[in-house]
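Student: My structure is below; once you've seen it, I'll send some questions.
Nothing in this text is a laboratory measurement; each read-out follows from the coordinates by a stated rule. In this text, all values refer to a predicted model and were calculated from it rather than measured experimentally. Don't worry about glycine lacking a Cβ; one is built from the backbone with ideal geometry, like all the others, and counts go over all protein chains shown.
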There are 2 protein chains.
Amino acid sequence: MKKHNFYAGPSILPEYTKEKTAEAVLNFAGTGLSVMEVSHRSKEFVAVVDEAVALVKELLKVPEGYSVLFLQGGASLQFLMAPYNLMGLKAAYLNTGVWSKKAMKEAKFFGEVVEVASSADANFNYIPKQFDTPADASYLHYTSNNTIFGTKVNAPEANVPLVADMSSDIFSRPVDVAKHDLIYAGAQKNLGPSGATLVIVKDEALGKIDRVIPTMLDYRIHIQNESMFNTPSTLPVFACLQTLRWLKELGGVEAIEKINIEKAAVLYDEIDRNKLFQSTVPNKEDRSLMNVTFVMAPEFAELEKEFLDFATAKGMIGIKGHRSVGGFRASTYNAMPIESVQALVDTMQEFEKKH
Amino acid sequence: MKKHNFYAGPSILPEYTKEKTAEAVLNFAGTGLSVMEVSHRSKEFVAVVDEAVALVKELLKVPEGYSVLFLQGGASLQFLMAPYNLMGLKAAYLNTGVWSKKAMKEAKFFGEVVEVASSADANFNYIPKQFDTPADASYLHYTSNNTIFGTKVNAPEANVPLVADMSSDIFSRPVDVAKHDLIYAGAQKNLGPSGATLVIVKDEALGKIDRVIPTMLDYRIHIQNESMFNTPSTLPVFACLQTLRWLKELGGVEAIEKINIEKAAVLYDEIDRNKLFQSTVPNKEDRSLMNVTFVMAPEFAELEKEFLDFATAKGMIGIKGHRSVGGFRASTYNAMPIESVQALVDTMQEFEKKH
Ligand SMILES: Cc1ncc(COP(=O)(O)O)c(C=O)c1O
Ligand SMILES: Cc1ncc(COP(=O)(O)O)c(C=O)c1O
Ligand SMILES: [Mg+2]
Ligand SMILES: [Mg+2]
Ligand SMILES: [Mg+2]
Ligand SMILES: [Mg+2]
């Protein structure tokens, strides 16, 4: 049976990425060695990092004066590195749920964290839009896509530089990098396997803070060493490169955004139409294009388990919702083909007919 | 031509690890999905971590009361995490070269670092054996195998707990874990690809320090969450599991130690015998079983480049020495077959005949 991979992360990757990675695990760049067993300083692997960095810059139109890094530790380590490197006495955070909260927790270590707005009052099912950012904050941090609550934010207007956790929607739509001092993302949604973390940082934003930064947490160290201060996560970075090549071939972020909008529309339309289901995000403009969260309509609440089993039997994988939202979550990342979205829609319709 | 992989890390892995990983990149545990695209919380992947932890405990005879973790960030992040979690006002370090120095640098952040001994006076070509460890040090840190200088240390006698960076010789020989509060190792030598870091930590050594520890740097957080506080490096951990299975099948660390001793002996004997070459580590008991460092004998110094080219043409990969030692380094990790060591020896003999 065909499987439809709706995992929230690690999540579906392009066939291209999987094939090229499987090949390189056995024979990398014609070396006769596995990509897992060559020195990160070999010319073959340095070429991987160089090309990956160049493609990130090209695809996201990264302006001059920014560095692109592949680090380890996931976005969670960035929750710490961001304030360590950039926060003076105060930083502002937009709280759109779990991930923002975790980011705020690490920043509190360094000074005053101003929560400029929060949608906690409605279990983070919307994006607060009216708020003020203190002019003396070092930055405004936001989570561009909340993987758990199924919401998305556009880069907020602010009179301070932005810092963004783009873990779950990077490369899914264009981004104005110039508004940001820092963008970071765990690779394991739109880019590659877990183990690599993408960082895009504005060079001149660094070195302004009067604080000793441990070596491994200092962006300047990683910039000076071109992501090779210590051994990078070689195989994950190799796999990321394959996805970047695939995305470029497909037409880049502008092209994939169109496809993502179309895929999400097919699913949201069915959720809205189908009497059994409803979206958890009432405001359409706040709905994520990557993580479509929905629940049973109140009258059909008791069917939740039955639908999960029904859909699982039809090959849908990973659609159980996160425990803080309940219901279902279908992640429709870049690599997800519209056929899989359609298969889920068909399953919802079939289930509706039974009830 | 057959390639002989002498890279110092990332480095040679067993055929078994490569084959099983290539398979799982296409179809993991019969899921029809890649190991790169399944949730780390899926039952299939949780089983990977559980088995890997169990095998580490079995192979290293880890006593009760220790936790085994797979983290990210490499051994370099452990240079920071070790003192963050374990160091009070003072810690002791045995300085056997670059890696020890880097570890000391991060510890200085937290208090007084006592260098109990150093072999800097002879470019780290021996292991200091007579030294005192201050009784009020939180621990004595040592690098069990210095990858760059080709030396190995046995667990020093000390009246304080030990902390060991075993990045380049873990699983190559038995270790008395009970003497240690902490053992850590980047995976990319004897275990798997880079991107995973193995940590073995004594539970009751934690929580004694009166310091706020950032979430991602706190071993207790990772223990509570069984290495899944955030997304672990899934594919690297999967590959590590394959190597652990391979090692168990082969007879464990006791069996591989015998093989390692034999392999190293073949190479050191040739270095000693061959008039063109000499070891960089005069004291035989200090010689690493994993990284065999050697240089041209002084009378033949000008042949260095010629030998490198000659050996490269014969399929030897990665034997150029680290710039801080010069000459050559042949890493003979667990997965290296004796045939590759013999091929290098043959090459050295052939080169000798030419001169
Ligand atoms: C938006 C967002 N931020 C941060 C994280 C944490 O990333 P990591 O597990 O790589 O630390 C996630 C993980 O799913 C996420 O979705
Ligand atoms: C003994 C030793 N310690 C630490 C490191 C650094 O490890 P990583 O690159 O994973 O941070 C290395 C790397 O080669 C090493 O050989
Ligand atoms: Mg370069
Ligand atoms: Mg509906
Ligand atoms: Mg468990
Ligand atoms: Mg000799």
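Student: Within the range A:206-265, list the GluC sites (Glu not before Pro) lying in a DSSP loop whose Cβ has at most 13 other Cβ atoms in a 10 Å radius.
Tutor: none
Student: Starting at the first residue of the range B:204-218, write each ³J(HN,Hα) from the Karplus equation 6.51 cos²θ - 1.76 cosθ + 1.60 with θ = phi - 60°, in whole Hz, x for Gly and Pro.
Tutor: Whole-Hz 3J(HN,Hα) from phi for the range B:204-218: 7, 7, 8, x, 9, 9, 8, 8, 6, 10, x, 3, 6, 9, 9.
Student: Counting only C-alpha contacts under 8 Å and six or more residues apart, can you give the relative contact order of chain A as a whole percent?
Tutor: 23
Student: Please list B:55-61, A:115-121 highest first by mean number of surrounding beta-carbon atoms within 10 Å per residue.
Tutor: Descending packing order for the listed peptides: B:55-61, A:115-121.
Student: Hey, for B:Glu64 with labels 7 Å out along Cα-Cβ, what do the inter-copy distances come to in nm, ordered shortest first?
Tutor: Label-point distances to the other copies, shortest first: 6.6 nm.
Student: How high is the relative contact order of the range B:1-126? Use alpha-carbon pairs under 8 Å, at least six apart in sequence, and give a whole percent.
Tutor: For the range B:1-126, the relative contact order is 14 percent.
Student: Here's another thing I want to ask about it. What FRET efficiency would be calculated for the residue pair A:Ala120, A:Arg273, taking the C-beta separation as r and a Förster radius of 30 Å, to the nearest 0.05?
Tutor: 0.50
Student: Measuring label to label, 7 Å along Cα→Cβ, what does B:Asp121 give against each other copy in nm, shortest first?
Tutor: In nanometres, ordered from closest: 7.2.
Student: In addition: Taking amide H atoms as placed 1.01 Å from N in the peptide plane, list the residues 5 or more away in sequence, or in a different chain, whose amide H sits under 5 Å from that of A:Ser138.
Tutor: A:Gly88, A:Lys90, A:Ala91, A:Ala92
Student: Also, I was wondering about something else. Using mean Cβ contacts within 10 Å as the protection proxy, how do B:278-286, B:34-42 order, highest first?
Tutor: In decreasing order of mean packing, B:278-286, B:34-42 become B:34-42, B:278-286.
Student: At 7 angstrom along the Cα-to-beta-carbon line, where would the label on A:Ala265 sit relative to the other copies? Give the distances in nm, shortest first.
Tutor: Label point to label point, same position, other copies: 7.4 nm.
Student: Moving on. Summing Lys, Arg as +1 and Asp, Glu as -1, what charge do residues with Cβ under 10 Å from the Cβ of B:Lys2 carry, B:Lys2 excluded?
Tutor: +1
Student: Would you calculate a helix-derived [θ] at 222 nm for chain A, using -39,500 (n - 2.57) for each DSSP H run of n ≥ 4 and dividing by the full residue count, to the nearest 500?
Tutor: -11000 deg cm²/dmol
Student: Moving on. Provide the percentage of antiparallel DSSP beta bridges, counting only those with both residues in chain A; round to the nearest 5.
Tutor: Close to 55 percent.
Student: Over the range A:252-354, what is the relative contact order in whole percent, taking alpha-carbon pairs under 8 Å and six or more residues apart?
Tutor: 32
Student: Now, a different point. List the residues, sorted by chain then number, that are 5 or more residues from A:Asn291 or on another chain and whose placed amide H is less than 5 Å from its amide H.
Tutor: Close amide H contacts, sequence-distant or interchain: A:Thr332.
Student: While we're looking at this one, here's another question. Taking every DSSP beta bridge with both residues inside the range B:61-208, roughly what % is antiparallel (nearest 5)?
Tutor: DSSP beta bridges in the range B:61-208 are roughly 45 percent antiparallel.
Student: Could you work out, residue by residue across A:23-34, how many beta carbons of other chains sit within 10 Å of that residue's beta carbon, and then give the average as an integer?
Tutor: 5
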